Each structure stands twice: as structure tokens, then as C-alpha cells.
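The values are calculated or read from the model by the stated rules, or taken from the named source; none is laboratory data. Since the structure is predicted, the reported quantities are computational estimates derived from the model, not experimental observations. Glycine gets a Cβ as well: all are built from the backbone with ideal geometry, and neighbour counts include every protein chain shown.
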Amino acid sequence: MSYNKTLIKSILLVTIFISLSSFAQSNSDILKDVDNITLKMFNDMNNRDYDAILDMTHPKVFEMAPKESIKAVFKSMFEGNEEFSIDIPKIIPKYKLSDVFKNEKDSLQYVFVSYDMNMKMTFHKQDFDDESKKMMKTMMAAKGMEVTFITNNALEIFMNNRITIILKDNTTNNKWVMVNYDPDSPLFYNIVPTSLLESAKDYNQDLMLESKLKKEQ
């Protein structure tokens, strides 16, 4: 009887170990996939490969606006238009991957990619006086962005802890896609499931707290 109990206990321990090992390996494979996707995302951005960027974008975005219209907006932003132009350095920023999050209900899997980002923005038809510069800095600071004016119509923007979400679920046909975390955008709330919204909020708050603690050291 004692022998049987020991055998059963051993079998249970081995089963648990195998299960945990399989889960860890699965998450490890997911993170490898997401790391490759993240590198591709940055390289596509550096190459201004708009089609590749759109191919990685969550399909629900195109329910709000046609793909060609969004592509035109991308080109206008990066190549400039009559109103303004944006210059984003062609680099791969230092980034961090979160743990793997899962929600079996929606066959949902996702990982947060956090990184800092710099860009320069030039307005072609507008100059900023001291008062409007102060207002711009205040508005951008409320969105977690630091602004430094180079001239009266050009500014550098530093975005700390920007978050892109790499995810797949039933709505993406189990294909990895990306969506940027933007808590101020109704579009973002329409795209992702509630469980992800809650996790994203907590993850963002943790990043903000970590940054604040570093500044206070």
C-alpha cells in the first residue's frame, strides 16, 4: 500500500514537472516569435515599408478606414505634407518584452513591447511664440511626452515607455499582429478585448512607477 502511494505521488510529480516544462517552453517559443516580429516591425519602420507595416497591423483597424487611406496617412506623415513633417531616426531602439499573457476564452495570446522613442516634428505653416510653446509642452506632457523646441516651428519629442502590443486571437485568424497602446483612443478600445485592456493599463502603470522610482534615486 505504501509502495502504491509512493508510486502515485511520483507519477503526479513527474506529470506536474512535464506540464510546467511544456508551458515554459511554449512561452519561450512565443517570446522568440514576438522578438522576431518586433525586430521586423522596427526594420520595416526604418525602411518606410508601409505595406509591410500595414500587413502587421490588427485587421480591425481596417474596419474603421480603408487600408489605402491609412497608407496615404503614413506616407504623408513620414514624407511630409503642406502642414508638417515628422522625422523618426532609423534605429532599432532598446526594447523590453513582457511575459506572455493568455486568455483561453478568446484564444488570445499577447506580449507587451516597451521602448523609448525620439522624433522631430517640423511645422511648415506655423510658428510658436513663448505662450504657445508652453501650452504645447503641457499638452504633450499630459500624454507622457517631453517636448524641446529647436526653433519656433520645429520641436523634438521624447516618448518614454511607448508600448506596442503583439497579439493573436480568433479575430486575427491566429496570426500575430500589432497595435499601439493608446488609452486616449476610442479606436484602441474597439480593437482589443477587455482582458487585454485591463492588463495593458496595469503594465503601463508599472512602467510609469518604475520610471519615477529611477528618477528619484
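Applying the set (1) under 19 Å from VAL34 (Cα atoms); (2) touching a residue at least 24 places away in the same chain (Cβ under 8 Å); (3) not in a loop (DSSP other than H, G, I, E, B) to PRO59 leaves exactly one unmet item: (3). Can ILE86 be described as of a type in the set (A, V, I, L, M), modelled with pLDDT under 90, more than 17 Å from the chain's Cα centre (by Cα) and in a helix (DSSP H, G or I)? Against the criterion (of a type in the set (A, V, I, L, M), modelled with pLDDT under 90, more than 17 Å from the chain's Cα centre (by Cα) and in a helix (DSSP H, G or I)), ILE86 does not qualify.
Just one of the listed residues (ASP35, ASP29) is within 21 Å of THR172 (Cβ to Cβ), part of a helix (DSSP H, G or I) and either at pLDDT 95 or above or touching an Asp or Glu at 6+ places or on another chain (Cβ under 6 Å) (or both), namely ASP35.
Which residue out of PHE74, PHE78 is in contact with a helix residue (DSSP H, G or I) (Cβ under 7 Å, 6 or more places away or on another chain), part of a helix (DSSP H, G or I), closer than 22 Å to ASN43 by Cβ and modelled with pLDDT under 85?
Details: PHE78 fails: in contact with a helix residue (DSSP H, G or I) (Cβ under 7 Å, 6 or more places away or on another chain).
Result: PHE74 is the single residue among PHE74, PHE78 that is in contact with a helix residue (DSSP H, G or I) (Cβ under 7 Å, 6 or more places away or on another chain), part of a helix (DSSP H, G or I), closer than 22 Å to ASN43 by Cβ and modelled with pLDDT under 85.
The criterion of being farther than 16 Å from PHE42 by Cα, part of a helix (DSSP H, G or I) and either modelled with pLDDT of 90 or more or touching a Cys at 6+ places or on another chain (Cβ under 9 Å) (or both) holds for SER199.
Quick check on segment 45-58: of everything there that is surrounded by 15 or more Cβ atoms within 10 Å (Cβ to Cβ) and within 16 Å of the chain's Cα centre (by Cα), which residue is nearest to ASP169 (Cα to Cα)? Checking each candidate, the answer is HIS58.
Name the single residue that is surrounded by the most Cβ atoms within 10 Å (Cβ to Cβ) among those in segment 165-197 being out of contact with any Leu (no Cβ under 7 Å at 6 or more places or on another chain) and of a type in the set (D, E, K, R). For segment 165-197, the residue satisfying everything is LYS168. Which residue is farthest from MET56 (Cα to Cα), if the candidates are limited to segment 165-188 and must be of a type in the set (A, V, I, L, M, F, W, C) and touching a residue at least 12 places away in the same chain (Cβ under 8 Å)? Only one residue fits best here, namely LEU187.
For every residue, the table says whether it meets (1) touching a strand residue (DSSP E or B) at 6+ places or on another chain (Cβ under 8 Å); (2) loosely packed, with under 15 Cβ neighbours inside 10 Å; (3) under 19 Å from GLU156 (Cβ atoms).
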| residue | (1), (2), (3) |
| --- | --- |
| MET41 | yes, no, no |
| ALA72 | no, yes, no |
| LYS90 | no, yes, yes |
| LYS105 | no, yes, no |
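Please work out if THR164 is under 25 Å from MET45 (Cβ atoms) and more than 21 Å from the chain's Cα centre (by Cα). Criteria not met by THR164.
Identify, please: which residue in segment 138-164 is of a type in the set (Gly, Ala, Ser) and without any contact (Cβ under 8 Å) to a residue 24 or more places away in the chain and is, among those, surrounded by the most Cβ atoms within 10 Å (Cβ to Cβ)?
First, the residues of segment 138-164 that are of a type in the set (Gly, Ala, Ser): 141-142, 144, 154.
Imposing the further condition that a residue be without any contact (Cβ under 8 Å) to a residue 24 or more places away in the chain reduces the set to 141-142.
On the way: ALA141: 11, ALA142: 9.
Here the residue is ALA141.
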